[in-house]
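**Student:** Pasting a structure below so you can have a look.
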Amino acid sequence: MARPPALKLPEVLTEIRMSPSVFYHLRARGLPPRMIKLPNGEPRCRRADLDAWWAVCERDTSE
């Protein structure tokens, strides 16, 4: 079974329409989507993690 693709940080930022500076500010507070680090040091975000993060954001703003 093929592994689902992991998105590069620029792809994540484009999809969530966020600047890198805001993303890193959220990251410092532990609030961005879960990221993994590849052996070469590049961050990636699994599609499932990004979708779960979106669901939490939508739920939190609808209350």
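The values are calculated or read from the model by the stated rules, or taken from the named source; none is laboratory data. Note that this is a predicted model, so its numbers are computed, not measured. All Cβ positions, even for glycine, are placed from backbone atoms using ideal geometry, and neighbour counts span all protein chains on display. Ligands, DNA and RNA are excluded from the accessible area calculation, which covers all protein heavy atoms including side chains. Shrake-Rupley method; radii C 1.70, N 1.55, O 1.52, S 1.80 Å.
**Student:** Which pairs turn up if I take residues in segment 38-56 that are more than 13 Å from Glu11 (Cα to Cα) and look for partners that are open to solvent by 80 Å² or more (accessible area, probe 1.4 Å) with beta carbon separation below 7 Å, at least 6 apart in sequence or on another chain?
**Tutor:** Pairs that qualify, where the first residue is more than 13 Å from Glu11 (Cα to Cα) and the partner is open to solvent by 80 Å² or more (accessible area, probe 1.4 Å), are Ala48/Pro4; Asp49/Arg34.
**Student:** Another question, then. Count, please, the residues in segment 15-63 that happen to be among the β-branched types (Val, Ile, Thr), under 22 Å from Pro5 (Cα atoms) and not in a strand (DSSP E or B).
**Tutor:** 2
**Student:** Would you pick out the residues in segment 18-37 that are touching a residue at least 24 places away in the same chain (Cβ under 8 Å) and surrounded by 13 or more Cβ atoms within 10 Å (Cβ to Cβ)?
**Tutor:** The answer is Met35, and nothing else.
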